[in-house]
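Worksheet: the structure to be examined is printed underneath.
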Amino acid sequence: MAQIPITENPSGKTYPGKFIWHDLLTPDPLSAGKFYEKLFGWQIEYQGRYAVVRNHGKVIAGILQVEPPDGKARDGVWIPWVSVADVDAAVNLVKANGGKILKGPVNMDQRGQGVLISDPQRAHLVLLNAKEGDPADTEAAIGDWLWDEIWTDDPNRIQNFYGSVLGYDAIDSGDRYGVFKAKEKWRAGIRHVQDDREHMLWVPVVRVADPEAAAQRVRELGGVVWVSPDEAPSKGNTALIADTTGALLLIQRWPPLASKGGL
């Protein structure tokens, strides 16, 4: 993992609060890899326990084989990586605001310096100061990561945590959904949920051209459609799915089409 940079075209700049990489932790990388290859057309290069994921030739993610330490079956999970300007300073802010340090900080050769953390509701993510800088802000292509959102049943606490740790300077908060901003740039979403999970989680979003067709393909490939496009609040533009190892992600059409029956 440390030998794979997060981008082959670093900007030389750091964009604190930007989501810059994703790793899938799963007990069955081959099954998950085949699923994503057929669903999104991703190209996957297997290198031992770690695989590199490309979309249209651009590196976008990794897949890491992880066996549960207790031997019990566990679902796969996508772990996002977020840019910070100073990892050591971020570590202090995590601790001061009710989070935990799970591993690191560690120097990761071609990636830079990173630390795996848990927020106050036990959602995991990696904070990274990328070597030679972050990827530049560009429009997401079909099959690229479009967005990331944190699921939480305590939005005020989570807003305060990430506002402090990641330096978000504005939060647009609605009844059930909010947006983290940094220098007027949208960086992540906050979804208010009522759930009995023992911990919350970050859920990434992939841009697709046709959510209904993609959801049908998920079923054909052995994945699960938890919320179909016609059941989603966006009325046809998003769906919540899981891959063949149980890892959750959203698929979304962007820009959205008008809601069915709308103007």
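Rule-based calculations on the coordinates, nothing more; no lab input. Just so we're clear, the structure is a prediction, and the values are computed from it rather than from any experiment. As a convention, Cβ positions derive from the backbone with ideal geometry for all residues, glycine included, and neighbour counts pool all protein chains shown.
Working value for the range 145-252: equivalent-ellipsoid semi-axes of 26, 15, 12 Å, each the square root of 5 times a Cα gyration tensor eigenvalue, largest first. Note on residue 37 and residue 257: the extension gain reaches 76.6 nm, defined as 0.36 nm multiplied by sequence separation minus the Cα-Cα distance. The Rg/Rh ratio of the chain, with Rg taken over Cα atoms and Rh as the Kirkwood radius over Cα pairs, comes to 0.94.
How many percent of all Cα-Cα pairs in the range 19-130 sit more than 25 Å apart?
28 percent
Between residue 3 and residue 185, the contour length at 0.36 nm per residue exceeds the alpha carbon distance by 62.5 nm. Of all DSSP bridge pairs formed entirely within the range 19-130, close to 80 percent run antiparallel.
A straight Cα-to-Cα reach below 30 Å connects residue 34 with the lysines 18, 58, 72, 103, 235, residues fewer than 8 places away in its own chain not being considered.
Which of the GluC sites (Glu not before Pro) found in the range 129-228 are in a DSSP loop and have at most 12 neighbouring Cβ atoms, other than their own, within 10 Å? Those that pass, being in a loop and sparsely packed, are 139, 184, 198. When the pairs 38/131; 38/185; 38/100; 100/185 are compared against a 30 Å limit on Cα-Cα distance, 38/131; 38/185; 38/100 fall above it.
For the range 145-252, give me the percentage of DSSP beta bridges that are antiparallel, rounded to the nearest 5 percent. Walk me through the numbers before you get to the answer.
Details: 24 of 31 bridges.
Just about 75 percent of them are antiparallel.
Stretching residue 216 away from residue 173 to a fully extended chain increases their span by 12.2 nm, per 0.36 nm per residue minus the current alpha-carbon distance.
The DSSP beta bridges internal to the chain are antiparallel in roughly 80% of cases.
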